[in-house]
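Accompanying notes for the structure given below.
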Amino acid sequence: MTERPQSVSTWLNTRLPILSAFRREYVEFSMPRNLNYLWNFGAFAVVSLTLLILSGIFLALNYTPTLADAFSSVETIDRQVASGWLIRSVHMGGVSMLFAALYVHIARSLYYGSYKAPRELVWLTGLGLLLLVMITAFAGYVLPWGQMSYWGATVVVNAVNTVPLVGKPLASWLLGGEGLGNVALHRLFVLHFVTAFSIIGVIVLHVATLHVTGSNNPTGKDLTEPDQTVPFHPYYTTKDGLGLCLFLLVYAALIFFAPDFLTLSDNYVQANPLITPSDITPEWYFAPFYAILRAVPSKLGGLILATGSIVILFALPWLDSSTIRSARFRPWLRVALPLLFLAFLALGLAGMSPPSPFWLWISRAAVAYWYVYFLGLLPMIARREQASRRKEHF
Amino acid sequence: MRRLFIASMLAFPAFAAHASTPEQRGLEVFRQVCSSCHSLNHVTYADLGELGLSVSDIKAYAAQHEIPDGLDDDGDPKTRPAHPSDVIGSPYLTAGMARMANHGGLPPDFSRLAMTQKGGIRRIIDILVSYTSPPEGKKLPPGSYYNTAMPHLHIAMPPPLHDGQIKYTDGTNPTVPQMAHDVGAFLSWAGHPHLHTRHRTGLFVLSYLAILSGFLFVLKRRVWAKQTKKLP
């Protein structure tokens, strides 16, 4: 006797339950009902990354990673390759949109305490993603081999060289021994690809950890009552969809009507190791860290403080011992945290301005506040909150 | 309709074959003046089609130039006429030859000059129209020319434009400011490839997304309307 004919979906699902998993995680998945639009930015980051990877594949088809041809192959993409200008703009604009989405996404986590138990792994994988995105963006920026590509890379290589003991061997090992030459350019091209695709893998981890604990929400309290939650579909598919459409509007306005707004015109001059540009400026998304590098008189000190400013974030779930998540219920944090955001913005502005005593002192004050906040203020505020909580219990 | 169009083009050849846009006139100035020193290393002859040049004009322009084509069997350098897909390139074979011909200075490439020159096109036009004779007693460094637009009042480029120097095919009066503005338009076109297409596509994409946003706004409102309880 034969079995009753099954539908294709049942046949597939009994062998590989991707359909029921999708339904469980993206259709019926229970979401807090009170998420605001700041919760859209994770989706924005995923969409910009997807566009970056797709456009990147088409760029790679036309790009030549050699000193002689890199610059002109990019010009060819912009001029002669069919729709090359569009694909390159999507790629260039995408980086800025991705970083903007990531910075807002991280700021939201900081404000609503999404890094706290039980979501520490969501936070840690997310920071890992930030680092990977930064490495990818750096490697990618070198590829067009313009003046800023070359001199920006020189700044980074010099910074790595200052690390005692390992710095110089590490730099020459990574660059293939001949400094920023053909071998280095080819390696950076491969690195750009490898890190870009490993980002996808880490995103899977990031989302998987999120789906174990569920989303935080603006109150920071665990919402479990049935009337406090809604299924992901149709509620957040429509809300994310609307937000995404507005995000794409900004993205499109940027690449079609202000393509030069986010890029430095110096990078349309071919790299020339003999001519240093009058001021080396990084892209805006690296500006805060560049400002830290510049603010410290010692090269090594600058490097330590710049990398430390991100490394310190990894310890955040343990620096902040308060059990209250959302800043909504943390009056001290509602003052201290916006100041931290302000310090980050000030560092960004300082990194994009020509070095002057004014900006130098602004960035020194900002970087000092960055460390004071994470190592002093935040632990102190947390301890005070815990103490007053205990008092309430008595 | 089409026949009428062709007939009118034949009746008024000035409209069909002759320069009329600033970019086209700028190309004429480039071909007759600038290109004897300056290069267009990334723009191909075929790219000029975007300015409204016909295929046969482009082929004829390209064919005027001989470009290096490797070595022949005896090891002697060979040349061939350029194809439309070749870059317009430099009038000099090497950067060293360009320097030698220009008092040690390298005439900048035109491909992205509109973008990379500080001050952009307006600055370039300003330089082109600011050549005058130096005031009495003014000593200029050897190989340089008096130009009021430069910070030190001198520039290595000899005055490139003179009134009536070229003959525009559309009959425009070739004054120095006229030619400077036309060259500016041409450089702007070269420095921002596909700008018109970019804006046209952009308008379409933005309107599409704006309309979609409107629909999604209504959809989201209708879906969430079922959730009437106050949010925590």
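Give the span of region A:247-288's Cα atoms along each principal axis, as three whole-Å numbers ordered largest to smallest.
Largest first, region A:247-288 extends 41, 24, 12 Å along its Cα principal axes.
At 1.567 mPa s and 4 °C, plugging the Kirkwood radius over alpha-carbon pairs of region A:170-295 into Stokes-Einstein gives what diffusion coefficient in µm²/s?
64
Check B:Asn41: other-chain or 5+ apart residues with amide H under 5 Å from its amide H, H built from backbone geometry?
B:Gly89, B:Phe110, B:Ser111
For region B:82-96, in order, what is each residue's ³J(HN,Hα) by Karplus, 6.51 cos²θ - 1.76 cosθ + 1.60 with θ = phi - 60°, in whole Hz (x at glycine and Pro)?
5, 9, x, 7, 7, 6, 5, x, 9, x, 10, 6, 9, 5, x
Based on the Cβ-Cβ distance of B:Ser207 and B:Leu106, what FRET efficiency does E = 1/(1 + (r/R0)^6) give at R0 = 56 Å, to the nearest 0.05?
Working from the Cβ atoms, E equals 0.80.
Across all directions of projection, what mean area in square nanometres is found for the Cα convex hull of region A:31-276?
15.1
Looking only at GluC sites (Glu not before Pro) in DSSP loops with at most 14 other Cβ atoms within 10 Å, what is the longest site-free stretch of chain A?
A:179-394
Quick check: at a probe of 1.4 Å, how many percent of the accessible area of region A:281-387 sits on carbon and sulfur atoms?
The C+S portion of the solvent-accessible surface of region A:281-387 is 78 percent.
Going out from 0 in 5 Å bins, what whole percent of all Cα-Cα distances in chain B drops into each bin?
The calculated distribution, bin by bin, is 1, 5, 9, 13, 14, 13, 10, 8, 6, 5, 4, 3, 3, 2, 2, 1, 0, 0.
Exceeding 28 Å between C-alpha atoms, which entries from my cross-link table qualify? They are A:Lys168/B:Lys118; A:Lys221/B:Lys229; A:Lys221/B:Lys226.
A:Lys168/B:Lys118, as the Cα separations exceed 28 Å there.
Could you work out the per residue convex hull volume over the alpha carbons of region A:248-394, in cubic angstrom?
Numbers: hull volume 23.0 nm³, N = 147.
So the per-residue Cα hull volume is 156 Å³.
Tell me the net charge near B:Asn41. Cut-off is 9 Å between Cβ atoms, B:Asn41 excluded, with +1 for each Lys or Arg and -1 for each Asp or Glu.
Combined, the nearby Lys, Arg, Asp and Glu give -2.
Calculate the translational D of the protein assembly as shown in whole µm² s⁻¹ from Stokes-Einstein, where the hydrodynamic radius comes from the Kirkwood formula applied to all Cα pairs, the temperature is 37 °C and the viscosity 0.692 mPa s.
113
Could you identify which residue out of B:Lys118, B:Lys220, B:Lys78 has the top mean-square fluctuation in a GNM of chain B using Cα springs shorter than 10 Å?
Among B:Lys118, B:Lys220, B:Lys78, the largest mean-square fluctuation in the Gaussian network model of chain B belongs to B:Lys220.
Taking θ as phi - 60°, what are the ³J(HN,Hα) couplings along region A:202-217 by the Karplus curve (6.51, -1.76, 1.60), each to the nearest whole Hz, with x for Gly and Pro?
With the stated coefficients, region A:202-217 comes to 6, 4, 4, 4, 4, 6, 4, 5, 5, 6, 6, 8, x, 6, 6, 8 Hz.
Expressed as a fraction of 2.2 N^0.38 Å, the rule-of-thumb size for a compact globular protein of N residues, what is the C-alpha radius of gyration of region B:66-181?
1.37
Using C-alpha positions alone, give me the convex hull volume of region B:142-232 per residue in cubic angstrom.
Enclosed volume per residue, from the Cα hull, is 232 Å³.
The values are calculated or read from the model by the stated rules, or taken from the named source; none is laboratory data. Computed from a prediction, not measured in an experiment: that's the story for all the values here. As a convention, Cβ positions derive from the backbone with ideal geometry for all residues, glycine included, and neighbour counts pool all protein chains shown. Just the protein is used for accessible areas: all its heavy atoms, side chains included, with ligands, DNA and RNA removed. Shrake-Rupley method; radii C 1.70, N 1.55, O 1.52, S 1.80 Å.
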